[in-house]
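Take a look at the structure set out below.
What follows is calculated from the coordinates using simple rules that are stated; it is not laboratory data. Everything numeric here is computed off the predicted structure, so don't read it as measured data. Positions of Cβ are backbone-derived with ideal geometry, glycine not excepted, and every protein chain shown enters the neighbour counts.
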Amino acid sequence: MSDTLISADVLGSDNKKREAALTSDYAHLGEQLSRRGIDIDAIRDKVAAFHVAVPSWGVGTGGTRFARFPGAGEPRDIFDKIEDCAVINELTRATPTVSLHIPWDKADPNRLKQAASRFGLSFDAMNSNTFSDAKGQANSYKFGSLSHADKGTRAQAVEHNLECIEIGETIGSKALTVWIGDGTNFPGQADFTKSFERYLDAMREIYAALPADWKLFTEHKMYEPAFYSTVVQDWGTNYMIAKELGDKAYCLVDLGHHAPNVNIEMIVARLIQFEKLGGFHFNDSKYGDDDLDAGSIDPFRLFLVFNELVDAELRRAKGFAPAHMLDQSHNVTDPIESLMRSANEIRRCYAMALLVDRKALAAYQDDNDALMASETLKTAFRTDVEPILAMARLKDNGAIDPIGAYRAAGYRQKVALDRPAVESGGGGIV
Ligand code: PSV
Ligand code: MN
């Protein structure tokens, strides 16, 4: 039995208040779905088996270039962060893994493993950081890391990634995600071709050090911190990287890393088709890499991404096993609440995508019936699947209403007594 941080009494009485209404709503939805030939329990079980990793950095309060406004009871270190992640999983039952970022989360790997397993958690992909300078490092990443013009700086960045793999091996991770901030602010500042060549050479060294059962995820991002050009700027470049490196290399899609209005679901479909979809950093955005809560701005787009994922799952697309991770920054909400809600939104889109009548959709597509094809997706999207999500949580001893139970438990107020308040600070994107 794992340790818990939310008292069973509080959770039990919060659930009790809501159980009768849920039972009735679930039965009603079950009846509606059975008219559509769908078995609600089968959907509930699939939802319960669907998990998404929490980013360790997401449980701290984020900030913008302008300021950071700390919240009460912020985690002081990775061990506090693991506890916050445990709370998220206790209530949602959707997030049994944590994705670490090195050196932010650097600590004795055995202690990390112990701290996580105490709460029944394990670790998803490791993330390296060569987009900021670590204390005491010899060479600066101000002008790049894996693509830097200076050999010594590139070697240092490679070495850091190898260290991430080493830590990951001890704690049971099976993947490394590499995102670099390398790029330029001025036309002419760097040679596009030479920079990319240097990047590829450095990545080949990292790839060569990958354990046999590991995957390497590379993450593209259109801009920021570099504003004129970025070395790994889009999915096309990312696909080239994965092809160049080999079978263990895959593309990671962070939903916030594209221009507004880009058809991300189509990118996802292409990467699935060519067996290079490694996984996701889920979040939402309005303008750029806003790192807002998944599904909070454009839930239909998230649903359309899941429509592609479910399609691939059901037709057993070759090589399809994407990693699901959140990557968000919470500036004005309690990060635990935002992450619980986001995990729920991910599951909601998965559940809705499972409701799509795929046979009918294919027939409408073949008949060029654009309206009914679109309506088929909309029918699934308009279905309120909350009773399915809540029942999946309840069956797994989670909360019918995770945010309600979290607030009733007063977790944030309790940890605020031990975790000293942090002063408001200047800018810095996290
Ligand atoms: C970059 O914006 C990114 O999406 C990468 O995944 C980083 O590792 C993460 O955010 C944290 O800054
Ligand atoms: Mn990301």
- Query: If you keep only loop residues by DSSP, which GluC sites (Glu not before Pro) in the range 275-377 have at most 16 other Cβ atoms within 10 Å of their Cβ?
  - Reply: Glu275
- For Asp39 and Asn397, FRET efficiency with R0 = 30 Å and r from the beta-carbon atoms, rounded to 0.05? 0.85
- Query: Cα to Cα, under 16 Å, and not fewer than 8 places away if on the same chain: which aspartates and glutamates meet these conditions relative to Lys395?
  - Reply: Asp14, Glu19, Asp25, Asp41, Asp45, Glu90, Glu386
- Item | the range 1-76 and the range 193-237: distance between their alpha carbon centers, rounded to Å | 35
- Task: Decide, for the range 312-417, between rounded, prolate and oblate: order the square roots of the alpha carbon gyration tensor eigenvalues as a ≥ b ≥ c, take rounded if a/c falls under 1.5, and otherwise choose prolate if a/b is larger than b/c, else oblate.
- Result: prolate
- Checking rank on 127-133, 102-108, with mean other Cβ inside 10 Å and highest first, the result is 127-133, 102-108
- Message: Below 25 Å, Cα to Cα, which lysines can Lys142 reach? Residues fewer than 8 away in the same chain don't count.
- Response: Lys106, Lys151, Lys194, Lys221
- Item | Loop-located trypsin sites (Lys or Arg not before Pro) in the range 299-398 whose Cβ has at most 12 other Cβ within 10 Å (DSSP) | Arg315, Arg316, Lys318, Arg382
- What value, in deg cm²/dmol to 500, does the helix sum -39500 (n - 2.57) over DSSP H runs of n ≥ 4 give at 222 nm once divided by the residues of the chain? -15000 deg cm²/dmol
- Query: In what order do Glu163, Glu423, Glu90 fall by count of nearby beta-carbon atoms within 10 Å, going from fewest to most?
  - Reply: Glu423, Glu163, Glu90
- Can you grab the distance from the C-alpha centre of the range 385-400 to the C-alpha centre of the range 266-332, Å, no decimals? 23
- Query: When DSSP assigns beta bridges and you keep just the ones with both residues in the chain, what percent turn out antiparallel, to the nearest 5?
  - Reply: 15
- In whole angstrom, the spacing between the Cα centers of the range 133-176 and the range 404-427 equals 33
- Message: Quick check on the exposure proxy: order Ser117, Ser145 from fewest to most C-beta atoms within 10 angstrom.
- Response: Ser117, Ser145
- Ranking Asp384, Asp124, Asp213, Asp334 by Cβ neighbours within 10 Å, fewest first, what do you get? Asp213, Asp384, Asp334, Asp124
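First check a/c for the chain, with a ≥ b ≥ c the square roots of the eigenvalues of its C-alpha gyration tensor; if it is under 1.5, answer rounded, and if not, answer prolate when a/b is larger than b/c or oblate otherwise.
Since a/c reaches 1.5 but b/c is at least a/b, the shape of the chain is classed as oblate.
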